[in-house]
Amino acid sequence: MATIYTSGEQVEVYRFSIRATILIPLIAVFLQAFLPLRFSFFTIFDLPLLVTIGFATARRNPLAGLVTGGLIGILQDSLTHQPIGLYGISKTVVGFSASSLGIKIDVENPGTRFLLTILFYVVHEVVYFVIARGLVGLHMQWSWLHEIGSGAANAVLGILVYALLDRVKQRT
Amino acid sequence: MDVLGRYRNLIVLVGVLFAQVLGLAVQVKRPTDSGSTHLIRIWAVGAVTPLEKALVWAQTSTHNLWHNYLYLRGVRAENRALKQEIERMRLEEARMTQDADQAHRLQALLAFKEQFISQTLPAQVIGSTGSEMSRSVYIDKGAHDGIKRDMAVITKDGIVGKVLYVYPSTSLVLLIDDQTSGVGAILEKQRLQGILRGTPSGEVVLEKVMSDETVPVGEEVLTSGGDGIFPKGLPVGKVTRISPGSELFLNIRVWPAVNLSHLEEVLVVTKIDERQTQPDQTGPVRAVDILAERLPTVPPKPENAADVAGKNPIAPAGGSANAAAPKSTSPNAASPIAEGKPKPASGAATADTKPKPSPGAASGSVPSPGVPKATNPATGTANHAPHTVPPAAQAKPNPTAGVASTGVPKTGQAKTVGAPSPAAPVVKKNVPAGTFSAGVSPAGTSAASVQAGRSPASTQPPGAAKKPAPKPVSPAVPPKPQPAVQDPPQ
């Protein structure tokens, strides 16, 4: 199904229905807000980020990726008490990067997805850290161990999320 | 043009990022509650929270159906009611403890004001922000329910946080472990004040305590009331670790009293009353007074009744104690109000707790001016009015008030005394028979004074009340004035 190491013209590009485009991010944000109440460990996961990466790599369109990431991030920001834009900027960067990378490499292999998710999770956290500390003035703590561990946990969950997204994506 | 087309994606990315950074800068520059982002937040919350509410409702309904009807019908509901009662009483206890401590420390400050939680609204936690950087939760009550910004949120165990954003049907509660929160706190025993803050890692620390102070591990931390949000004296947590902090301050780690990661139901403090604390004028409470509060209604007797009894060994032992007893010559015996003690309602089920402004008969039927009415003539029960009578009025004997008991009633008679009252079994339970039969309390006070303050009408059997009383006995020793005790604030 996947086209490996191909030029941009040969890469499979997918799209999602409008319903899926709206509902899936909403469900992701909802679960991210609801599940930590029952399972406190769930705060280490970032479902909206996984959905952003999933959409971006499937569409392989940087513009669509940054817009999707930006909107999901702003939605996530709106639920917090922090200024709106922290997650928005982080996910905009991730959406753009994931789409751009999706054009160049195979992103449908579970191994690649695992590594990419760790990479993008760390990128997301770095951008968030810089913005939150530099612009908003929040006290932030950085721990590579924590970030890599969380990234790995998100990557495992991401493989499942991407598999679910594969079921609803449509070939163009 | 070709360059623009070539770098179109990058240009758009930079543009989008620039716009967001600009928006962020505007929000940082201005307060977040200015309304610049309120609309976006309302939309987002409106999109997400209905789903959360529905899920929580379904979960709760299923849970309730199983536990209330299928599993143990009725028991759970009763248990819940009892837990709510415990919650209420814990809050009350915390407040009362603080009240007592405060009264001793601030007796001289008549104008001192204190805050009391007078109204709370239960709410259910329906969601979180899902972010480690924003430790907040959503509750299912909002502006429509009377929630306002900066209201305190608590549970039975202690404080949770404060209301930060209010939406029509939901509210965002900032937890105390968020790094942007701040709570005025005080160490329970050391009385050192500080500011409680959250850390980025979710811990709670007490700041601004000088490093030359000694703070023991395990010390309770309470709210100080200095933040204007939380009333004073609510539990915050316990000190778990102390380390040198920045500059001259200690870094005190506090383990929150509430498990903030497993919140389900909370109470929003919707109304706080501010009252002036009355200085405590009672001094130490005697055991006999406590005993007197627990006793059921008994006939009024003067404090020196034992002395009289001692001098009159031929006192009648049979018949009703009241019949043999001269009516009270002591204002202490005249009324529980005169004693100034708050009377538990266990004494008489129909105890009237409302103040009676009109002076009535102190005991028996003879009106006693200046002495608050002790007996509800309609019901024959004691008026447990939260009155404070001046010591002068208490000390003043009422010569017209009946006769005092000169005899030492037998145990059986003592039981009979309380028979008309529903609380009569309490006599048997709480008071050793010897106390009554001996007629003298362990504190050396006569049983009559122990029994003082009880409504005669509620204690006298109808027959006994009609019996002619012997001639009044003049007290050999004038009755001691009883200190006035102010009722605790409700």
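The residues in the stretch A:91-122 that are more than 14 Å from every other protein chain (Cβ to nearest Cβ) and assigned to a helix (DSSP H, G or I) can be counted, and the count is 12. Looking at B:THR199, B:THR180, B:THR223, just one residue is within 26 Å of B:VAL125 (Cα to Cα) and in contact (Cβ under 8 Å) with a residue 60 or more places away in the chain, and that residue is B:THR223.
Would a scan of the stretch A:31-40 turn up a residue that is more than 7 Å from chain B (Cβ to nearest Cβ), crowded, with 24+ Cβ neighbours inside 10 Å, over 18 Å from A:GLU125 (Cα atoms) and not hydroxyl-bearing (Ser, Thr, Tyr)? Among the residues of the stretch A:31-40, not one is more than 7 Å from chain B (Cβ to nearest Cβ), crowded, with 24+ Cβ neighbours inside 10 Å, over 18 Å from A:GLU125 (Cα atoms) and not hydroxyl-bearing (Ser, Thr, Tyr), which makes the answer no.
For the stretch A:52-64, the count of residues that are buried (at least 22 other Cβ atoms within 10 Å of the Cβ), aliphatic (A, V, I, L, M) and under 16 Å from B:GLY130 (Cβ atoms) is zero. Within the stretch B:122-152, the residues that satisfy the criterion of being more than 14 Å from chain A (Cβ to nearest Cβ) and within 23 Å of A:ARG38 (Cα to Cα) are B:PRO122, B:LYS141, B:GLY142. Of all residues in the stretch B:38-83 being among the charged types (D, E, K, R) and more than 10 Å from chain A (Cβ to nearest Cβ), which is farthest from A:GLY85 (Cα to Cα)? Per the stated criteria, the residue is B:ARG73.
Scanning the stretch B:194-246 for residues that are of a type in the set (A, V, I, L, M, F, W, C) and not in a strand (DSSP E or B) returns B:VAL215, B:VAL217, B:ILE229, B:PHE230, B:LEU234.
A:ALA163 falls short on exactly one of the conditions (1) more than 9 Å from every other protein chain (Cβ to nearest Cβ); (2) touching a helix residue (DSSP H, G or I) at 6+ places or on another chain (Cβ under 7 Å); (3) farther than 28 Å from B:ARG197 by Cα, and that condition is (2).
Count of the stretch B:226-255 residues, restricted to those that are among the small types (Gly, Ala, Ser) and out of contact with any strand residue (DSSP E or B) (no Cβ under 6 Å at 6 or more places or on another chain), is 2. Scoring B:THR180 on the criteria (1) within 13 Å of chain A (Cβ to nearest Cβ); (2) in a strand (DSSP E or B) leaves a single failure, condition (2). Answer yes if at least one residue in the stretch B:134-148 is assigned to a loop (DSSP other than H, G, I, E, B) and closer than 18 Å to B:PRO231 by Cα, and no otherwise. Yes, the stretch B:134-148 contains at least one residue that is assigned to a loop (DSSP other than H, G, I, E, B) and closer than 18 Å to B:PRO231 by Cα. Please determine whether any residue of the stretch B:231-250 is surrounded by fewer than 23 Cβ atoms within 10 Å (Cβ to Cβ), touching a helix residue (DSSP H, G or I) at 6+ places or on another chain (Cβ under 9 Å), at pLDDT 90 or above and closer than 20 Å to B:ALA94 by Cβ. So far as the stretch B:231-250 goes, yes, one or more of its residues are surrounded by fewer than 23 Cβ atoms within 10 Å (Cβ to Cβ), touching a helix residue (DSSP H, G or I) at 6+ places or on another chain (Cβ under 9 Å), at pLDDT 90 or above and closer than 20 Å to B:ALA94 by Cβ. Just one of the listed residues (A:VAL51, A:VAL67) is modelled with pLDDT of 90 or more and within 8 Å of another protein chain (Cβ to nearest Cβ), and it is A:VAL67.
The values are calculated or read from the model by the stated rules, or taken from the named source; none is laboratory data. Remember, it's a predicted structure, so these values are computed and weren't measured experimentally. Neighbour counts are summed over all protein chains in view; Cβ atoms, including those assigned to glycine, are modelled from backbone coordinates with ideal geometry.
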